[in-house]
């Protein structure tokens, strides 16, 4: 069924431009990359997958420019990461609470200091979520590793959902720490934790569906996938018993343009009743936002 218009989309993965090609988003990955092509030729580590990486012509006020792009594509709110080393930008984001849901990318290798950092980000900027990229950490940390447990506990105490990448990662480094089966132990031991899968879960998307059926606080967001490549198992689940579990997340400007995302979106075969939940309603419930 066609995507409805003027719904007030909530995008659960959007970035503020850094430069024209935004290659700075990926600097932290360089120590992990072993092949020459990734290190010396690619500006984006998954350039072999994303053929038309967007460029941005943002002016000095990149937050205002981003808001303009959101308006153009009907995005009412977007989840955007805060940077602990850029207080000025963080303040600009925090000054638009009706448009931005702020998140913090955690590193469980920092131990108790990271717990303190999450609490500080909650106090200073009212972050709405924590995110994690297990394969992108140095050293890598499995989803169910004991290093993550203080993070998960803190998320429960601070009422913060956590968004975690799962499945084979795009950059050319190991993905074993992101096996989707590892999520089961976490959501079993932390039943109050609102856990949102990121970046596809492939090739374990069937496992992702099985676990969402089993655990009520486990969800899936579509980040880093052009809509034409949404896994069939996820679309089928959303159209049946999983309408309340699947949420829209994009990948602009990191790898996909909003033009590409929303033109593709027109062809996604969601049922009529699924679209409002996918594009908005499920995120509203996840964050406890008031529709009134």
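The values are calculated or read from the model by the stated rules, or taken from the named source; none is laboratory data. Nothing here was measured: the structure is a model prediction, and the numbers come from that model. Positions of Cβ are generated from backbone atoms using ideal geometry, with glycine treated the same way; all protein chains shown enter the neighbour counts.
Of the residues that sit in the stretch 10-28 and are assigned to a loop (DSSP other than H, G, I, E, B) and modelled with pLDDT of 70 or more, which one is nearest to residue 67 (Cα to Cα)?
Ranking the qualifying residues of the stretch 10-28, first place goes to 16.
Just one of the numbered conditions (1) in contact with a helix residue (DSSP H, G or I) (Cβ under 8 Å, 6 or more places away or on another chain); (2) over 20 Å from residue 131 (Cβ atoms); (3) modelled with pLDDT of 95 or more; (4) part of a loop (DSSP other than H, G, I, E, B) is not true of residue 250; which one?
Single failed check for residue 250: (2).
Out of the residues in the stretch 223-241 meeting the condition of being over 19 Å from residue 168 (Cβ atoms) and touching a strand residue (DSSP E or B) at 6+ places or on another chain (Cβ under 9 Å), tell me which one is surrounded by the most Cβ atoms within 10 Å (Cβ to Cβ).
Per the criteria, the residue is 238.
Of everything in the stretch 98-140, what is over 22 Å from residue 157 (Cβ atoms) and in a loop (DSSP other than H, G, I, E, B)? Give them in sequence order.
98, 99, 133, 137, 138, 139, 140
Only one of 217, 159 is out of contact with any strand residue (DSSP E or B) (no Cβ under 9 Å at 6 or more places or on another chain), surrounded by fewer than 20 Cβ atoms within 10 Å (Cβ to Cβ) and either at pLDDT below 95 or within 19 Å of residue 288 (Cα to Cα) (or both). Can you tell me which?
Being out of contact with any strand residue (DSSP E or B) (no Cβ under 9 Å at 6 or more places or on another chain), surrounded by fewer than 20 Cβ atoms within 10 Å (Cβ to Cβ) and either at pLDDT below 95 or within 19 Å of residue 288 (Cα to Cα) (or both) holds for just one of 217, 159, which is 159.
Is at least one residue of the stretch 183-193 under 16 Å from residue 133 (Cα atoms), over 16 Å from the mean Cα position of the chain (by Cα) and surrounded by fewer than 24 Cβ atoms within 10 Å (Cβ to Cβ)?
Looking through the stretch 183-193, at least one residue is under 16 Å from residue 133 (Cα atoms), over 16 Å from the mean Cα position of the chain (by Cα) and surrounded by fewer than 24 Cβ atoms within 10 Å (Cβ to Cβ).
Regarding residue 168, is this residue assigned to a loop (DSSP other than H, G, I, E, B), modelled with pLDDT of 95 or more and under 16 Å from the mean Cα position of the chain (by Cα)? If you could, list the steps in order and put the result at the bottom.
On the way: assigned to a loop (DSSP other than H, G, I, E, B): yes; modelled with pLDDT of 95 or more: yes; under 16 Å from the mean Cα position of the chain (by Cα): yes.
Yes: the conditions hold for residue 168.
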